[in-house]
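Read the structure below first, then the notes.
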Amino acid sequence: MARNTQVAADPNAPPITQLLARFVATHPSRGWSDAVDHEAHRTFLNWLGCAVGAARHEAADAALAAVRMLETAPQATVLGRRERVDMAGAALVNGITSHTFDYDDTHLKTIIHPAGPVASALLALAEHSGASGRQLIDALVLGIDVSCRIGNVMYPDHYDRGWHITGSTGTLGAAAGCARLLGLDPQRTAMALGIAASQPVGMREQFGTMTKPFHPGAAAQAGLMSALLAKNGFTASGKALEAPRGMIQTVSTKCDWREATDELGRRFEISFNSYKPFACGIVIHPSIDACVQLREQGVRAEQVQRIELKVHSLVLELTGKKTPQDGLQAKFSVYHGCAAGLVFGRAAEDEFSDAVVLRPDMVALRAKVVATVDDSIDEASADVTAVLNDGRRVQVFVEHAIGSLQKPMTDGLLEGKFHGLADPVLGAGATGKLIEACWRVGACTDLRTLTALAVPA
């Protein structure tokens, strides 16, 4: 019996695969403002610190053990460890560790964590190929532009369907960046994008497990391989992104094609990157910020009868785990985030350790958090009231949390975050040298001098 093959698709979509490929292949080196270039260095610094910080996590151990079973050639560095593996394996493992703590960068318009897939692929390829730091930064800006522009085309429909948009667009950003680093012409860059378009990675069902950070790692690996295949003549559809049965129209009903090319080469999405002061899902940050402010006003956990939390529905949809059993689950618990902010005045990785999550006082305080949905409150805001045992009510409303575009982390705060992540792995002195190297990466002639600093003595 014949099937009904009619699809609600747009057969007249613009040729964005070709347009983006030409942009990536031909845009001038450092063809953007000093502010954009500085943001690229901030993005690289934040990504590398996150990757080094999680180098000893059990997810890193498991991923590296699997990669080494392939008996790979030692082509590239596993950040924060002494092991060296093949380029694709390094892209995978470094992509995993950069996202393991959920502490990485965020393109807030799409909730994409863009550096994980793109930087992980690029550094592995650059280290092996001998590319310069300038070539790396150029490729990082352009690769992130591709992934976030495609995210803009599809968000929020694509995300609401259950796709982890960091992974699904990350394959494209990694492929674009690696194609640029390899010096591919527009035609072969289009093939790299086309190959990557058949490999979107990641479902939101995996949030709270090791497979969530696997998504950016797998996207980095897939994007790198897509560019290598294209370099060697492997072919794909030249309209793999926009065709009626191409990637975008298959995985999303929202297809705002203008987002792919609007101000292309003049507006760079890396300019809208933000960096997390708290090691958890971005939608929890306003609630944590509010509880930190309550603590600064003198409110202590033992005084609290209950914490009344009003948030957008997305917050509870993504981070509504009331009784997390380990650190990974707690990163998706606004209840734990509030408790951490009030008890510790911070929510770095230590506050999401299994031991802290299971502490009786934390369990008891989480139970006092009463969360209600109020969609008149923006998803980037939170209204928190501490009701005290003596009847007093202390309220804090956070419109924009620390780390947002409106209240960005300074370079100094990023360095402090990097030290907090990397000092236990590398030591404070070595971490300081690595931070200095990250700020100068655009002028680095041999990236192997940088990756050597990311290896424990």
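Values in this text are rule-based calculations from the coordinates and carry no lab data. Note that this is a predicted model, so its numbers are computed, not measured. All Cβ positions, even for glycine, are placed from backbone atoms using ideal geometry, and neighbour counts span all protein chains on display.
Dividing the summed helix terms, -39500 (n - 2.57) for each DSSP H run of n ≥ 4, by the number of residues in the chain produces a 222 nm estimate of -16000 deg cm²/dmol to the nearest 500.
Between the amide H of Ala54 and any residue lying 5 or more places away or on another chain, no distance stays under 5 Å, with hydrogens modeled in the peptide plane.
Take the Cβ atoms of Leu358 and Glu296, set R0 to 25 Å, and the FRET efficiency comes out at 0.40. Once backbone amide H atoms are built at 1.01 Å from N, Arg306 has Val387 as its partners under 5 Å, excluding neighbours fewer than 5 places away on the same chain. In terms of distances greater than 19 angstrom between alpha carbons, the cross-link table entries Lys109/Lys407; Lys109/Lys239; Lys368/Lys417 yield Lys109/Lys239; Lys368/Lys417. Multiplying the residue separation of Asp378 and Ala73 by 0.36 nm and subtracting their alpha-carbon distance yields 104.9 nm.
When the square roots of the Cα gyration tensor eigenvalues are ordered a ≥ b ≥ c, the ratio a/c for segment 16-274 is under 1.5, which makes its shape rounded. If R0 equals 45 Å, the separation of the Cβ atoms of Gln305 and Thr253 corresponds to a calculated FRET efficiency of about 0.45. When peptides 91-102, 40-51, 147-158 are ranked by their average number of other Cβ atoms within 10 Å per residue, the highest-first order is 91-102, 40-51, 147-158.
Relative to one another, the C-alpha centroids of segment 186-200 and segment 119-142 are positioned 18 Å apart. Evaluating 6.51 cos²θ - 1.76 cosθ + 1.60 at θ = phi - 60° for every residue in segment 363-379, the Karplus couplings come out as 4, 5, 5, 4, 5, 8, 7, 10, 9, 10, 8, 9, 6, 6, 8, 5, 5 Hz, glycine and proline recorded as x.
With a sphere of radius 13 Å drawn around the Cβ of Asp354, what net charge do the other residues whose Cβ falls strictly inside it have (Lys, Arg +1; Asp, Glu -1)? Value of the local net charge: -3.
Using R0 = 30 Å, the C-beta based FRET efficiency linking Thr449 and Asp34 works out to 0.80. Sorting Leu405, Leu20 from the fewest to the most surrounding beta carbons within 10 angstrom yields Leu405, Leu20. Each eigenvalue of the Cα gyration tensor of the chain, multiplied by 5 and square-rooted, gives one semi-axis; in descending order these are 36, 26, 19 Å.
Local charge for Lys276 was computed over the other residues whose Cβ lies under 10 Å away, with Lys and Arg +1 and Asp and Glu -1, and equals -2. Couplings for segment 176-187, taken from phi via the Karplus curve 6.51 cos²θ - 1.76 cosθ + 1.60 with θ = phi - 60°, read 5, x, 5, 4, 5, 5, 7, x, 5, 6, x, 5 Hz in order; Gly and Pro are left as x. Extension gain for Met210 to Leu264 (0.36 nm times residue separation, less C-alpha to C-alpha distance): 15.9 nm. Can you tell me what percent of all Cα-Cα pairs in segment 282-398 are more than 16 Å apart? Pairs farther apart than 16 Å: 52 percent. Computed from backbone phi with θ = phi - 60° and the Karplus coefficients 6.51, -1.76 and 1.60, the 3J(HN,Hα) list for segment 283-294 is 6, 7, 4, x, 5, 5, 4, 5, 6, 4, 5, 4 Hz; x is used for glycine and proline. Charged side chains reduced to their Cβ positions (Lys and Arg at +1, Asp and Glu at -1) give the chain a dipole of some 560 debye around its Cα centre. Highest mean packing first, where packing is the average number of other Cβ atoms within 10 Å per residue, the peptides 28-36, 307-315 line up as 307-315, 28-36.
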